[in-house]
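Here the structure is laid out as structure tokens; the discussion comes afterwards.
Any read-out appearing in this document is the output of simple, stated calculations on the displayed coordinates, not a laboratory observation. Quick caveat: nothing in here was measured; it's all calculated off a predicted structure. All Cβ positions, even for glycine, are placed from backbone atoms using ideal geometry, and neighbour counts span all protein chains on display.
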Amino acid sequence: MSTIVIIIIAITCIISYLALNDMRMFEKYKFNVGAIQQRKEYFRLLTAGFSSCRFYAFRFKYVCFIYV
């Protein structure tokens, strides 16, 4: 695996872990169509991909990412 892939996995793991433990952070960065359209919070398009709503989704994402 390349270094860039490992760095992306590490950053995503850290952000997901923090979001799983802090609901305020999760709510701020989760994908929300209303916030994107009405308040122009386009950062949510990117940040939603770095956080997982539940631990099993977090684990599934990384198992798939590592083996693909």
* Asked: Three principal axis extents, largest first, for the C-alpha atoms of segment 3-67, in Å?
  -> 38, 23, 16
* To do: Report, in degrees rounded to the nearest 10, the 0 to 90 angle that the Cα long axis of helix 3-21 makes with the longest principal axis of the chain.
  => 50 degrees
* Asked: Tell me, what is the percent relative contact order of segment 3-67, built from C-alpha pairs under 8 Å that lie six or more residues apart?
  -> 35 percent
* Asked: When the chain is treated as a GNM, springs tying every alpha-carbon pair under 10 Å, which of Y29, Y56, Y42 comes out with the largest mean-square fluctuation?
  -> Y56
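For the chain, give the magnitude of the charge dipole about the Cα centre (Cβ charges: +1 Lys/Arg, -1 Asp/Glu; no others), in debye to the nearest 20.
Details: 9 positive and 3 negative charges, 33 e Å.
Value, rounded to 20: 160 debye.
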